[in-house]
Structures are given as C-alpha cells and as structure tokens.
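Novice: Questions regarding the structure given below will be posed in turn.
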Amino acid sequence: MPTSHATGTIEVICGSMFSGKTEELIRRLRRAQIAKQRVAIFKPAIDDRYAHDHIVSHNEQKLRSEPVRQANEILEKTRDAQVIGIDEGQFFDNDLIAVSIALAKRGVRVIIAGLDMDYRGVPFEPMPQLMAVAEQVTKAQAICIQCGEPATFTQRLTLARDRVVVGATEMYEARCRKCYVPPEE
Ligand code: ZN
C-alpha cells in the first residue's frame with residue numbers, strides 16, 4: 001500500500017568518515033520507529049564491515065537492515081514503507097538518484113547517509129546529485145585528528161589506489177582542510 005497523502009521527502013546526511021553520519025541516520029530512524037511508522041533500512045551488499053544484516057555506527061549503535069546489490073532493488077522491496085533509510089549511499093550506482101526521487105513521489109521519507117568526498121577530496125557519486133535533489137542536507141563534521149578543529153576530509157593513511165578500501169577504518173583519519181594532504185597523482 002502506498003502511503004496515502006503523505007508528502008515524500010529526501011534527506012541527505014553526508015560528511016567524512018568518523019563524522020557520525022550513520023549515528024545520525026540511526027537516530028532519525030529510531031524516532032520514526034517510536035512513532036510507529038513503517039521503516040525499511042538498506043545498505044549496499046559491498047559493505048560487509050560489521051554485520052550483513054545491520055547498519056552499525058562507529059559508536060556501536062545498530063539497526064536491522066537488508067543488503068542490496070543495486071539501487072533498483074530498493075523500489076521492489078519497499079511497497080509499504082513510510083520511511084526508508086539507506087546507509088553508505090556512495091557505494092550505490094547512480095540509479096539511487098532516480099530511485100530516491102520515485103520513492104519521495106510515492107510519499108516516502110527517504111533518508112540517505114554517505115560519504116560526500118572520497119579520500120582524494122573528489123565528490124563521491126551519487127551523493128552530490130542526491131544532495132542537489134534533497135529537501136534537507138546535513139553535513140556532519142568529524143574532529144581533525146591532527147589539530148582538533150572540525151574535519152570534513154577523509155585522509156587515507158595507505159598507498160592503496162582503490163577508491164574504496166572496505167573494512168579498514170584504521171587506514172583512515174578525519175582531517176580539516178588545512179591538515180588534509182591529498183594523495184600524489
Ligand atoms: Zn586540522
């Protein structure tokens with residue numbers, strides 16, 4: 001059943017690693033559950049850092065979620081959800097943009113958390129596009145490990161060239177713009 005006359009919205013929670021994105025996502029989803037709304041939670045199947053069937057924040061909060069391989073699967077799996085939470089949005093294909101818009105049109109409140117930049121400081125698709133079409137964007141900040149100022153960059157402490165090194169938080173550090181050192185090309 002589609003939700004009747006609800007106005008759908010898209011909310012984006014973005015920021016660097018260790019900025020508390022997932023924590024904030026979990027906080028919003030918990031409140032929706034307390035309000036007895038039907039909540040569905042998804043994460044990309046690539047992200048198996050902790051549990052396959054939960055989203056987990058660095059401070060150990062967790063909520064049951066369903067892993068999906070492609071953004072389009074979310075449309076099929078959520079016929080009656082009023083609120084849909086999506087974690088690690090940057091690991092999804094660009095179809096996540098159209099999927100989020102379609103869900104919002106259906107009356108769903110869509111909340112997406114994800115990295116807005118990769119370790120090179122380059123915008124991490126599809127997050128920039130989602131930020132553009134969202135009703136509300138929250139840019140969470142971490143604390144710079146070097147100087148203690150608010151941090152928006154993710155410093156990679158390894159020479160690995162892959163855009164994503166999954167499951168290796170010790171290879172990363174939050175840094176402010178001043179302390180962040182971009183990798184050499
Ligand atoms: Zn700093």
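Novice: Give the residues of segment 69-114 that are open to solvent by 40 Å² or more (accessible area, probe 1.4 Å), closer than 19 Å to Gln33 by Cα and either basic (Lys, Arg) or outside any loop (DSSP other than H, G, I, E, B) (or both), sorted by residue number.
Specialist: Lys77, Arg79, Arg109
Novice: Any idea which of Ile97, Ile145 is in contact with a helix residue (DSSP H, G or I) (Cβ under 6 Å, 6 or more places away or on another chain) and free of Cβ contacts under 8 Å to residues at least 60 places away in the same chain?
Specialist: So the residue among Ile97, Ile145 that is in contact with a helix residue (DSSP H, G or I) (Cβ under 6 Å, 6 or more places away or on another chain) and free of Cβ contacts under 8 Å to residues at least 60 places away in the same chain is Ile97.
Novice: Return yes when Leu159 is more than 23 Å from Ala40 (Cβ to Cβ), away from the ligand (no atom under 16 Å from the Cβ) and modelled with pLDDT under 95 and no when it is not.
Specialist: Yes.
Novice: Here are some conditions: (1) at pLDDT below 90; (2) assigned to a loop (DSSP other than H, G, I, E, B); (3) surrounded by 19 or more Cβ atoms within 10 Å (Cβ to Cβ). Ala51 meets all but one. Which one does it not meet?
Specialist: It fails just one condition, (3).
Novice: In addition: Out of the residues in segment 141-155 that are crowded, with 20+ Cβ neighbours inside 10 Å and in a strand (DSSP E or B), which is nearest to the ligand (Cβ to nearest atom)?
Specialist: Among those residues, the one meeting the criterion is Ala151.
Novice: I'm trying to understand the selection: among the residues of segment 115-140, which are among the acidic types (Asp, Glu), open to solvent by 40 Å² or more (accessible area, probe 1.4 Å) and out of contact with any strand residue (DSSP E or B) (no Cβ under 7 Å at 6 or more places or on another chain)?
Specialist: As a first pass, look at segment 115-140 and keep what is among the acidic types (Asp, Glu): 116, 118, 125, 135.
Those left that are additionally open to solvent by 40 Å² or more (accessible area, probe 1.4 Å): 125, 135.
Of everything in segment 115-140, just one residue is among the acidic types (Asp, Glu), open to solvent by 40 Å² or more (accessible area, probe 1.4 Å) and out of contact with any strand residue (DSSP E or B) (no Cβ under 7 Å at 6 or more places or on another chain), namely Glu125.
The values are calculated or read from the model by the stated rules, or taken from the named source; none is laboratory data. Quick caveat: nothing in here was measured; it's all calculated off a predicted structure. Heads up, the Cβs are rebuilt from the backbone with ideal geometry, glycines too, and the neighbour counts pull from every protein chain shown. Accessible surface areas use protein heavy atoms only, side chains included; no ligands, DNA or RNA. Shrake-Rupley method; radii C 1.70, N 1.55, O 1.52, S 1.80 Å.
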